[in-house]
Each structure stands twice: as structure tokens, then as C-alpha cells.
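Worksheet for the structure shown next.
The values are calculated or read from the model by the stated rules, or taken from the named source; none is laboratory data. From a predicted model like this one, the values you see are computed outputs, not experimental measurements. Glycine gets a Cβ as well: all are built from the backbone with ideal geometry, and neighbour counts include every protein chain shown. Only protein heavy atoms, including side chains, enter the accessible area calculation; ligands, DNA and RNA are left aside. Shrake-Rupley method; radii C 1.70, N 1.55, O 1.52, S 1.80 Å.
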Amino acid sequence: QVQLVESGGGLVQAGGSLRLSCTASGRAFSSYCMGWFRQAPGKEREFVAAIAWSGGDRYYADSVKGRFTISRDNAKNTVYLQMNSLKPEDTAVYYCAASFRTIATIASTYNYWGQGTQVTVSS
């Protein structure tokens, strides 16, 4: 069993930056693919970014490429999402998730989820 706790959300002006963190408890964090998803009001949950257990493979949604960076520190059981040049359309609840797969971009392939952290970008 893995428990995930996100932090770092908040209110920021357009063009600003935030760094989200997700810390895992439980075993074998370093063996999981970790991902970030987001869900805006009235919309479905969507993929944002994923990183393989080694940190070597990373995938991003087209909407965040060049602005967001996912990284992980296996020694700290933590995955990060650095978000730069934020836009109002980035406003959503951001969720951290862990998958048994080597790399995954589809929500249904993730096995564990955090509770989410709110990110609000004002124009």
C-alpha cells in the first residue's frame, strides 16, 4: 500500500510559478512510475506529466510542454512538479499518482492517488 500526500498548491498570478510536491509513504516508491494529473471544475481528470522509476523517461501533456517539469528524488520518496509561466487555464486540483507500470499516461493505469492540491491562477 502506498499513501501519497501533495503539497505546494496555492494562488498565483498568471506568468508566475509554483512547485508541487508529492511525498509517498509505504514501500518501494522507487519502483513506481509517478504521475501528475489535474481536474478543473466541470471537466474530466487529465494527464499532466509522468516520470519513470529511474527518472529517465518523462512524458508531458502538450498543454504543459516547455512550462512544467516533473522530477523525483527516490531517496526522499518525493516527486515534484515545477510549474512555470502559469496560465489561468492551468487552474485545477492537481493529483499525484503512482503506477506499477514502467511509464503511464492514462489515469486508469494508476494504482494509488493522493487527495489533491488546489492550484489557482489569476489573470
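The mean sequence distance of close C-alpha pairs (under 8 Å, at least 6 residues apart), as a share of the length of region 1-84, puts its relative contact order at 30 percent.
Note that the chain presents 51 Å² accessible area per residue, ligands and nucleic acids not counted, probe 1.4 Å. Looking at region 19-66, I'd like the Rg to Rh ratio, where Rg is from alpha-carbon atoms and Rh is Kirkwood's inverse mean 1/r. That ratio is 1.01, to two decimals. Using θ = phi - 60° in the Karplus curve 6.51 cos²θ - 1.76 cosθ + 1.60, the 3J(HN,Hα) couplings for region 115-123 round to 7, x, 9, 7, 10, 10, 10, 8, 8 Hz; x is entered for Gly and Pro.
Of the GluC sites (Glu not before Pro) found in region 16-123, those in coil by DSSP whose Cβ has at most 11 other Cβ atoms within 10 Å are E44.
Write out the chymotrypsin sites (Phe, Trp or Tyr not before Pro) in region 40-123 meeting two conditions: DSSP loop, and at most 12 other Cβ atoms within 10 Å of their Cβ. Answer by residue number: there is no such site.
Working note: Karplus 6.51/-1.76/1.60 with θ = phi - 60° gives region 58-69 the couplings 9, 10, 9, 5, 4, 5, 10, 4, x, 10, 10, 9 Hz, where Gly and Pro are set to x. Rolling a 1.4 Å probe over the protein heavy atoms of the chain, with every protein chain left in place, gives an accessible area that is 46 percent carbon and sulfur. Backbone geometry of region 23-36 corresponds, through the Karplus equation with coefficients 6.51, -1.76 and 1.60 at θ = phi - 60°, to 3J(HN,Hα) couplings of 9, 9, 10, x, 9, 6, 3, 5, 9, 9, 6, 10, x, 10 Hz, x marking Gly and Pro. Using only Cα coordinates, the Kirkwood hydrodynamic radius of region 76-122 works out to 12.4 Å. Within the chain, the cysteines lacking any other cysteine Cβ closer than 4.7 Å to their own Cβ are C33. Here K76 is the anchor, and the lysines within straight C-alpha reach of less than 30 Å, apart from those fewer than 8 places off in the same chain, are K65, K87.
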